[in-house]
Each structure stands twice: as C-alpha cells, then as structure tokens.
1. Condition first: under 11 Å from G246 (Cβ atoms) and within 19 Å of the chain's Cα centre (by Cα). Now tell me which residues in the range 190-206 satisfy that.
2. Name the single residue that is nearest to the chain's Cα centre (by Cα) among those in the range 105-140 being away from the ligand (no atom under 15 Å from the Cβ) and small (G, A, S).
3. All but one of (1) outside any helix (DSSP H, G or I); (2) under 20 Å from G206 (Cα atoms); (3) not small (G, A, S) hold for D43, so report the exception by its number.
4. Can you tell me which of P132, P97 is in a loop (DSSP other than H, G, I, E, B) and either in contact with a helix residue (DSSP H, G or I) (Cβ under 6 Å, 6 or more places away or on another chain) or among the β-branched types (V, I, T) (or both)?
5. Checking the conditions here, which among I158, I186 is part of a strand (DSSP E or B), over 30 Å from G58 (Cα atoms) and among the β-branched types (V, I, T)?
6. Does the range 70-86 contain any residue that is away from the ligand (no atom under 14 Å from the Cβ), surrounded by 14 or more Cβ atoms within 10 Å (Cβ to Cβ) and among the aliphatic types (A, V, I, L, M)?
7. Among the candidates V4, V8, single out the residue that is within 13 Å of the ligand (Cβ to nearest atom), in contact with a helix residue (DSSP H, G or I) (Cβ under 8 Å, 6 or more places away or on another chain) and either assigned to a helix (DSSP H, G or I) or touching a residue at least 60 places away in the same chain (Cβ under 8 Å) (or both).
8. Answer yes or no: is there a residue in the range 141-152 that is more than 21 Å from the chain's Cα centre (by Cα) and away from the ligand (no atom under 16 Å from the Cβ).
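FYI, it's all coordinate maths here, none of it is from the lab. Not measured: the values here are computed from a predicted model. We place every Cβ from the backbone using ideal geometry, glycine too, and count neighbours over all the protein chains shown.
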Amino acid sequence: MRKVRKAVFPVAGLGTRFLPATKAIPKEMLTVVDRPVIQYVVDEAREAGIEHFIFVTGRNKAVIEDHFDIQFELYDTLEQRGKTDQLEMLRTMQPAPGQTSFTRQQEPLGLGHAVWCARDLVGNEPFALLLPDMIMQSEESCMKGMVELYRRTGNNVIGVQECDPDEAHKYGIVAKGAELHTGFEITGMVEKPAKGTAPTNLYINGRYILQPEIFQLLENQERGAGGEIQLTDAMLRLGKEQTLFGYHYRGNTYDCGSPEGFIEANLAFALQKPELREVVEGLIGKALGRPRD
Ligand code: UTP
C-alpha cells in the first residue's frame, strides 16, 4: 500500500464570511491565541506523518508562504538576545527545505477546482487534504486517526463527525454502511440535504485521504452548487469506482472561516493552556458582568 506522504491545503478562497477582516489578510493567517490558523492545520498534518505540504494559494496569500519561510534577521536577533525558547519554537514549526510547494488557483472556481490545481504536485499517489479553516482539538489528531484507518483499509478515507440533527441541512452529510476497524463504509453523500431528509447526522469535517484518480474526475467535473466545481460531486463519482471509508472523529472542530467559530476556537484553545486558563475565565466573567448596551 502506498504511504500518504503529501498533504494539500486549499487556501485560495475569498473568505467572504469574514469580511472586512479578510480584505487584505488571508483568513488562514488570522490568529487563534498565539499562532495563525494555518499553523494548527500544518501541525496536524505533520503529526500524522505527512512529509510534503502543498498550498493552493490565490492573490493576497503571499504572506502564507512567508510564514513558512526562515526569517534570518528575526532568528539572529532572537539568538543574540538569548531568547532560546522562542527560537526553538520557531525552528520546530519550520518545514525543512524542500518540504513545501505552492501553486496558484488563479480564479476561485470552487474547492474541487482548487484541489485539481495540485494534481502535478501530488502526482500519482494518495494524498491528504485538509481544509485550513477547520481546526481541531483532541488528544489524537483527526488526520492521524485517518492515516491509521487508511493503513488498514487502503482506498479513500473521509473524516466525519456528528452534528445536531436539526443542523444537518447546513453540511455535507454521509450515509453509513458496514463498520470496519475505526471506520465504516460510506454508502452515499449529500450536500446540504433539505431539512428532515439527511440519512445521518454525520457531516464531512474537512479532512480527507484521497486516491489520485480524483484528479481525472475533477478534470471534467461540471459546475455544481453555487456555480462552483464541487469536490463532493467528484467524490460521489469516485465512490462508484472505489470504496470511500468514513472515519468517525470524536474531537472538537472549529470553523474559523466564520466569526462565531473563530471566537469559539480562541476561547477553547486559550482555556486549554494552563498558563491562560484562569486569566481567560476571569476575563469572560468580567465581560459578562458588564451591563449590556
Ligand atoms: P469555503 O467556502 O469555506 O471558503 O471553502 P471561502 O470560499 O473562502 O469562504 P466564504 O464562504 O467566502 O467565507 C472551503 C475551503 O476551500 C478553499 C477555501 O480557502 C477553504 O479553505 N477554497 C474554496 C479554495 O481554495 N478555492 C475556492 O475556489 C474555494
């Protein structure tokens, strides 16, 4: 079985749900506690054993490339000032030379199109796909669990988790077949089902391991919902030729592409840090105690 060595991060979206913050700054560079959103996702991929990080970028996204580069002046200054902890942290987060690739999606034609833009960089091997605005919190990362399931099953693995059944119409929902190891066979997929018609409350959470055949399907994928080339439509076609497994992730996921999810992520990650927990609890209490306008 071929190892999952590469991960694709589509970061070419316009981030319209988060305007005006995302007018000049990519949403992936907004900070959750002390690091940009994209760093959490790259760390998750690295923890899962990924060796090469492929970013599909767009206009205004050059700062993402800078974030993963070495900053000699900064590193030198930290060294001279004896700030070894910070220096060590930056070095640990730093991808090794040659471990990153960047390509551009010139027009935001949809997630499926963004993934297709990475076809030559991925080549003929399975790859991980992580939507960078979804960040996750759990002891074992979602992608790590998915790579383990992939090692047992091969084929394609799609991360899913439970949502409130009343909210299912907002998500891509899967239908569940036979259980296998830590996953199950996906027997159907429906994007934003009409209220009350969802086959389960398991939604696709932005983590995928896909076989390279998806690229041929994306190549001639017609535009779907919203006039965009939809990954889900191509995955439905892939499911006719190959097995799609669902990996049931049980941790917390925050959608940092929206202000609500972003605020929740900041609170959750700050409360998880022992040095910040009490401070943040105090700040929340103080803010709640203030009279409303
Ligand atoms: P979203 O729909 O959440 O991102 O796409 P968006 O389009 O930036 O957000 P809004 O709705 O306007 O606020 C999911 C992921 O796919 C990427 C986005 O960057 C995001 O990580 N994407 C989406 C692309 O890379 N290219 C696209 O054409 C569309």
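1. L202, Y203, I204, N205
2. Once the filter is applied, the top-ranked residue is S138.
3. All conditions pass for D43, except number (1).
4. Working: P97 fails: either in contact with a helix residue (DSSP H, G or I) (Cβ under 6 Å, 6 or more places away or on another chain) or among the β-branched types (V, I, T) (or both).
Exactly one residue qualifies, and that residue is P132.
5. Working: I158 fails: over 30 Å from G58 (Cα atoms).
Criteria check complete, one pass: I186.
6. Yes, because at least one residue in the range 70-86 is away from the ligand (no atom under 14 Å from the Cβ), surrounded by 14 or more Cβ atoms within 10 Å (Cβ to Cβ) and among the aliphatic types (A, V, I, L, M).
7. Details: V4 fails: within 13 Å of the ligand (Cβ to nearest atom).
Within the list V4, V8, the selection yields V8.
8. So the first thing to find is which residues in the range 141-152 are more than 21 Å from the chain's Cα centre (by Cα), and the list is 152.
In the following step, the residues that additionally are away from the ligand (no atom under 16 Å from the Cβ) were identified as 152.
Within the range 141-152, one or more residues are more than 21 Å from the chain's Cα centre (by Cα) and away from the ligand (no atom under 16 Å from the Cβ).
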